[in-house]
Amino acid sequence: MQENGRVMKEKGGAAAAMNGLEKITGQILAQAREEAKKIEHQSAEEAEKIRVCAEKEAEAWEEKAVSSLERELEELRNRESSKRDQERSRAVLEAKQEIVRDLIGKAKKKMRETDEKEYFGALKTIFPRCVRGECGVMFLGSRDYQRMPGDFEKEIKKIARETGGVIELREDPSIADGFLLSYGGIEENCTLDALFAGRWNELQDVVNERLWRESDGR
């Protein structure tokens, strides 16, 4: 009887020990599951944060790319517009320069073809600007020398005397129009080509000013 009681007591202690072990094991497993849930939750939160951050970065990059593209397109449009403006301005300038050349050419042609009175009157107006108070020679082209009015030579010599000089008129077939003055090897070119060439910039400015004024409606 005593033996049986001892055996039963031992079996009861073993069962209690097993129950205690299972209880501890269960607690450990429960804690492990809880920790696993926490880790999983944290991982999900981190993943969500990463996704949100990536989306924001992608949006920011997209906005930057769009802004950069728009800026480049605007710069390209401005360059193209500036290029067109420059081409248009150059075309207008070239057209006006051509008009200036044409008008000055017509003015020179008109002076060459004007009647004798007006033509030689212009030569008499030009002569005082070129005359020197010395002895010199006025060379005229053959056409002008042969058709000059009778009083032209007299008036030219008078102008020369008033400046303290003496002038002689001679014919030179190489001169087309206007005249050439010679003072002891020093020549003063007063042909129409030389006169218009010398005043080209001045004449061009005058014509240009009138053209701009007309184009502006003033």
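Residues that are among the aliphatic types (A, V, I, L, M), open to solvent by less than 40 Å² (accessible area, probe 1.4 Å) and more than 24 Å from residue 101 (Cα to Cα) occur at least once in the range 161-173.
Per-residue answers, yes or no, for (1) free of Cβ contacts under 8 Å to residues at least 12 places away in the same chain; (2) assigned to a helix (DSSP H, G or I); (3) closer than 12 Å to residue 177 by Cα:
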{"position": "117", "(1), (2), (3)": "no, yes, no"}
{"position": "121", "(1), (2), (3)": "yes, yes, no"}
{"position": "126", "(1), (2), (3)": "no, yes, no"}
{"position": "133", "(1), (2), (3)": "no, no, no"}
{"position": "151", "(1), (2), (3)": "yes, yes, no"}
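Scanning the range 98-151 for residues that are within 13 Å of residue 170 (Cα to Cα) and aromatic (Phe, Trp, Tyr), we see that the one that is most open to solvent (accessible area, probe 1.4 Å) is 145. Taking the criterion of being open to solvent by 80 Å² or more (accessible area, probe 1.4 Å) and under 23 Å from residue 201 (Cα atoms), would at least one residue in the range 68-75 satisfy it? The answer is no; no qualifying residue exists.
The values are calculated or read from the model by the stated rules, or taken from the named source; none is laboratory data. From a predicted model like this one, the values you see are computed outputs, not experimental measurements. Positions of Cβ are generated from backbone atoms using ideal geometry, with glycine treated the same way; all protein chains shown enter the neighbour counts. All accessible areas refer to the heavy atoms of the entire protein, side chains included, with ligands and DNA or RNA removed. Shrake-Rupley method; radii C 1.70, N 1.55, O 1.52, S 1.80 Å.
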